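Everything on this sheet refers to the single structure shown next.
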Amino acid sequence: MADVLLKVENLTKQYAGEHKTSPIRAVADVSFEVMRGEVFSIVGESGCGKTTLGRCIARGLEASSGRVLYTPEDGAAADFLTADRASFRRLRKDIQLIFQDPYSSLNPRMTVFDIIGEPLRANFKLTRRELEERVRTIAEKTGLNPQYLRRYPHAFSGGQRQRIGIARALVTEPKLVICDEAVSALDVSIQAQIINLLKDLQEQLQMTYIFISHDLSVVEHLSDRVAVMYLGRIVELAPKGELFARPLHPYTESLLSSVPVPDPSGKRERILLEGEVPNPASPPAGCPFHPRCRFRTERCSVEAPELRETVAGRLAACHYAEELELEGVQHGVSGHTAIG
Ligand SMILES: Nc1ncnc2c1ncn2[C@@H]1O[C@H](COP(=O)(O)OP(=O)(O)O)[C@@H](O)[C@H]1O
Ligand code: SF4
Ligand SMILES: [Mg+2]
């Protein structure tokens, strides 16, 4: 039996629509499992529901329905969403979020030491010495000079602020870390450094990641498996290498075609998506992707494809997943992976 850390079952989050509009199903009946020690990535265009999904899992937002079964190392699986106060407090320490914005998420009036130490103070009874020791250790691990700990966040660059955010999230030694666009606000060169840091720490501290990004090239280096979301649904889920080499859903193919790869032949064509992301308050009938799909048939506009196993270990929500020969990218050649 594979060691499942988190089992998300039929998670749905509906936002009330604005005046007279239908409600928005930002996350629509999403199910997947995350294995202990894996990096599970979630990708898709802006607005497809990634942040909503991540926040519902961490109970930062209340899901409309569904379950999130979390299995602690020394215990039985429990639904994190309906856990009572005491068990929620206990489980909450195991799950942390790292956000996108390294500018607004750090309190400007607190020193870096206090920012990083705050979750420890809130959750553990430690002596001053123990607290200092743990803050110093995580600061070193995240590449922050301990001499800077007395300073305030404004003294730091974007990349260093993101290191502070990471140190704060990891200081309590969580088991599951949800990284929501954790590098998206950073320059490409700094992105690579932070991705490397996150990957190193994940191995060192034996954590499990749910890594969220709108950019497939960002997730390539560190993912084990990748789920692709469209309009609140998972449309494809596969081990990273297989997904990049041979996507099974036309939406994945179009996302991959915008991943930068060196192409000396100049033959590679970018598959442009037709049209805009539909309004999630009134998703298209049939396959939600059909208005933008270059392979659509009559059937696609009336019959919604199930997310189903098409090849062993791979899921896709397309009627024609087995027949289409879609273009991937060669693994390990995207612009973001040349990391020193
Ligand atoms: N508080 C909210 N109220 C109403 N709609 C929201 C709210 N937050 C997000 N949405 C809508 O839910 C959808 C998914 O948003 P989000 O989860 O932020 O997507 P992503 O992180 O993939 O960009 C979008 O259509 C967005 O406009
Ligand atoms: S079901 Fe039809 S519209 Fe949807 S992705 Fe497959 S081919 Fe395209
Ligand atoms: Mg988001």
For the chain, the charge dipole (Cβ of Lys, Arg +1; Cβ of Asp, Glu -1; about the Cα centre) points to a positive end, and the Cα of 107, 227, 83 closest to that extreme belongs to 107
With +1 at each Lys and Arg Cβ and -1 at each Asp and Glu Cβ, the charge dipole magnitude of the stretch 108-173 around its Cα centre, to the nearest 20 debye, comes out at 140
Toy charge model, Lys and Arg Cβ at +1, Asp and Glu Cβ at -1: the chain dipole around Cα centroid in debye, rounded to 20, equals 1360
Residues 27, 302, 135, 228 in order from fewest to most other beta-carbon atoms within 10 Å are 302, 135, 228, 27
For the stretch 22-141 the mean separation of alpha carbon contacts under 8 Å (6+ apart) over residue count, i.e. relative contact order in percent, is 13
proj_area_mean for the stretch 242-286 (convex hull on C-alpha atoms), units nm², value 4.5
Using the Kirkwood formula on alpha carbons, the hydrodynamic radius of the chain in angstrom works out to 21.2
In terms of the alpha carbon gyration tensor, root eigenvalues a ≥ b ≥ c, rounded if a/c is under 1.5 and otherwise prolate when a/b exceeds b/c or oblate, the stretch 259-315 is oblate
Over its alpha-carbon atoms, the stretch 108-173 yields an Rg and a Dmax in Å of 10.8, 32
From fewest to most C-beta neighbours within 10 Å, the residues 127, 52, 71 line up as 127, 71, 52
Sorting 135, 304, 23 by the position of each Cα along the dipole of the chain (Lys, Arg +1; Asp, Glu -1; all at Cβ), the one nearest the positive end of that ordering is 135
Per principal axis, largest first, the Cα atoms of the stretch 112-255 extend in Å by 55, 30, 26
Relative contact order in percent for the chain (Cα pairs under 8 Å, 6+ apart) equals 20
Expected sort for 240, 125, 50 with the fewest Cβ neighbours (10 Å cutoff) up front is 125, 240, 50
Packing-ranked peptide list from 74-84, 179-189, 60-70, highest mean Cβ count within 10 angstrom first, is 179-189, 60-70, 74-84
Projecting the Cα atoms of 95, 54, 171 onto the charge dipole of the chain, where Lys and Arg contribute +1 and Asp and Glu -1 at Cβ, the residue farthest towards the positive end is 171
Computed on Cα atoms only, the convex hull of the stretch 1-70 has an orientation-averaged projected area in nm² of 5.3
With x for Gly and Pro, the residue-by-residue ³J(HN,Hα) of the stretch 186-197, computed from phi through the Karplus equation 6.51 cos²θ - 1.76 cosθ + 1.60 at θ = phi - 60° and given in whole Hz, is 9, 4, 4, 5, 6, 3, 4, 4, 6, 4, 4, 4
Of every Cα-Cα pair in the stretch 132-206, the percentage lying beyond 17 Å is 41
Computed over the stretch 108-173, the relative contact order (Cα-Cα under 8 Å, seq sep at least six) in percent reads 52
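Taken together, the values in this text are just the output of simple stated rules run on the coordinates, not laboratory data. Bear in mind the structure is a predicted one, so any value in this text is a computation, not a measurement. Note: ideal-geometry Cβ built from the backbone for every residue, glycine included; neighbour counts use all protein chains shown.
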